Amino acid sequence: MKPDKLIDAMGMIGEDLIDEENLKPEKKKYKRIKWTVLIAALLSVTLIFGMVLRPSSKPSGIPKRPDITTDKAVIEYEPEDIYLYNGCLAMASYPESPVYPGIDESSDMITADSVGDDWFLFYREMDSEFKELGINIDEFYKSTCKTLFNKNEGENLLYSPVSLYMALAMLAEVTDSESRTQLLDLTGAESIEQLRTNARAIWKACYKNDGVSSAILANSLWLDDKYNYNQLTLDTLAEYYFASSFSGESGSQEFNDIFRKWINDQTNGLLEDSAKELTIEPRTVLTLASTIYYYAQWSDKFFPELTKEAEFNSPDGIIKCDFMNSSRNDTYFRGENFSATKKHLDENGTMYFILPDEGFSPEEILKGDEIYSFLNSGDLWENRKNLTVNLSVPKFDVSSKTDLKDSLKELGVTDIFEDKEANFANLLEDTSGFAACIEHSVRVNIDEEGCEAAAYTAILMNGSSASPKDEIDFVLNRPFIFVITSDAGIPLYTGVVNNP
């Protein structure tokens, strides 16, 4: 898989991040720095990658690319000091997950006699804060989906709600004034304190690294070493966003190389080609990078021998592709203008397949409210029935790249795009800048084994039908919608497949 070209970019930095009274002297090659444009970078990358046979041996969040001699990915960790370029200002500490019950670490095999309570207790605790706080991002999900998919016209379009939420939460952490207020309003938080607590709870609720499946959010800050930064803010980012902070000479080859290596390590090397384009420019004060690593297999895999070529009715005409087929006892859901079924991912969430009725497009369904009520209700949806579902779904590898600038403006986030309105006073005096674009790129791949995906958000700162029978054929041979949710019900990916 070759994800679309990544561009970095992001800013909106708060005064509590920089210590203005202790700025280091300018280096000689800079006669005068004109901060007419402030560039920082935020990269949110969501990935789904090969099976993990055993969890990390240390909670550092710096995974090493798996050995190419193995046919499955094994997450291991290498020494952290390779990232201590000119010094590490703050290091995030990751929780250390017990192995999934039944895994024998000595042989990397699943056994029936190694079941214990540690795994259950650990992940129950990881979910507890999210559940106790009653965090609800349904309105954020609904409003962003409606705005984003409303602009789609017959193309594949994918979106990672949790990726954008985490990116905007970090952005709000380092902004102030009206710029922060608009971000708080969109994310549904009453204060920055509530938002950072929500972000930490969401991070923990998504987290999985148990040797069978993975869902790991990693964040980092890359700081220009000409400045001293407020350690309290960096510590807050490490505690609530699991973000490590590193300093170096912005624009230097060495700093760029180590930054790209961090991206490649976090993404297990899947975005290596795209990472070559990532560059911290000399005038960049701060780069924020956020990655999400995710993988899960189907609880009930498709049998490869049942995969057959068939026709898919795309908006551009009939195309032929491979369809995976299965017959299983599951739940069939009905909405006013759509039907749906689901397929569980092994201990790491659920994938919903939503098929609009004839005469309705996926975009039309996503403009309404019912689909979001359905996704929020899940198995409690009233119009449902357990029956044999003969599922036929095309194998697909789809991707899209979207500029979210206009969508966010429609949602009330406007100041960060205006030079005179964007607030940078919390970082440097006499600083101006604005967000030139917010690029959101997602790629999702499913096959007989499971699901693989990648998503990132990059912000460039410049300065009813009849009741079903007891058996139903659910054939996704025309444009459809898919939604992947975590075990906690957090929407990880939503996509429209017009052409698999």
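Quick one: residue 280 ticks every box in (1) open to solvent by 20 Å² or more (accessible area, probe 1.4 Å); (2) part of a loop (DSSP other than H, G, I, E, B) except a single one, so which number is it?
Unmet condition: (1).
All but one of (1) open to solvent by 40 Å² or more (accessible area, probe 1.4 Å); (2) in a helix (DSSP H, G or I) hold for residue 190, so report the exception by its number.
Result: residue 190 passes all but (2).
On the basis of being open to solvent by 10 Å² or more (accessible area, probe 1.4 Å), touching a helix residue (DSSP H, G or I) at 6+ places or on another chain (Cβ under 7 Å) and farther than 24 Å from residue 214 by Cβ, does residue 363 make the cut?
yes
Just one of (1) of a type in the set (A, V, I, L, M, F, W, C); (2) in a helix (DSSP H, G or I); (3) open to solvent by 10 Å² or more (accessible area, probe 1.4 Å) trips up residue 148, so point out which.
Result: residue 148 passes all but (3).
Filter the stretch 343-363 for residues that are charged (D, E, K, R) and outside any strand (DSSP E or B); which is farthest from residue 127 (Cα to Cα)?
Filtering the stretch 343-363 for residues charged (D, E, K, R) gives 343, 346-347, 357-358, 363.
Narrowing further to those that are outside any strand (DSSP E or B): 346-347, 357-358, 363.
On the way: 346: 17, 347: 13, 357: 36, 358: 39, 363: 32 Å.
Result: 358.
Cβ-Cβ distance below 9 Å, separation of 6 or more or different chains: which pairs start in the stretch 261-287 with a residue that is acidic (Asp, Glu) and end on one that is open to solvent by less than 10 Å² (accessible area, probe 1.4 Å) and part of a loop (DSSP other than H, G, I, E, B)?
265/62; 277/6; 281/250
Inspect all residues belonging to the stretch 368-376 and state whether any of them is farther than 28 Å from residue 215 by Cα and open to solvent by 40 Å² or more (accessible area, probe 1.4 Å).
Checked the stretch 368-376: at least one residue is farther than 28 Å from residue 215 by Cα and open to solvent by 40 Å² or more (accessible area, probe 1.4 Å).
Only one of 171, 164, 184 is assigned to a helix (DSSP H, G or I), open to solvent by 10 Å² or more (accessible area, probe 1.4 Å) and either more than 15 Å from residue 130 (Cα to Cα) or not polar (S, T, N, Q) (or both); which?
Checking each option against the conditions leaves just 184.
Considering each residue of the stretch 309-342, count those that are in contact with a Phe, Trp or Tyr (Cβ under 6 Å, 6 or more places away or on another chain) and in a strand (DSSP E or B), and give that number.
9
Out of everything in the stretch 89-109 that is part of a strand (DSSP E or B) and within 29 Å of the chain's Cα centre (by Cα), what residue ends up being modelled with the lowest pLDDT?
103
The values are calculated or read from the model by the stated rules, or taken from the named source; none is laboratory data. Nothing here was measured: the structure is a model prediction, and the numbers come from that model. Please note: Cβ atoms are built from the backbone with ideal geometry, for glycine as well, and neighbour counts cover all protein chains shown. These accessible areas exclude ligands, DNA and RNA; they are computed on the full protein's heavy atoms, side chains included. Shrake-Rupley method; radii C 1.70, N 1.55, O 1.52, S 1.80 Å.
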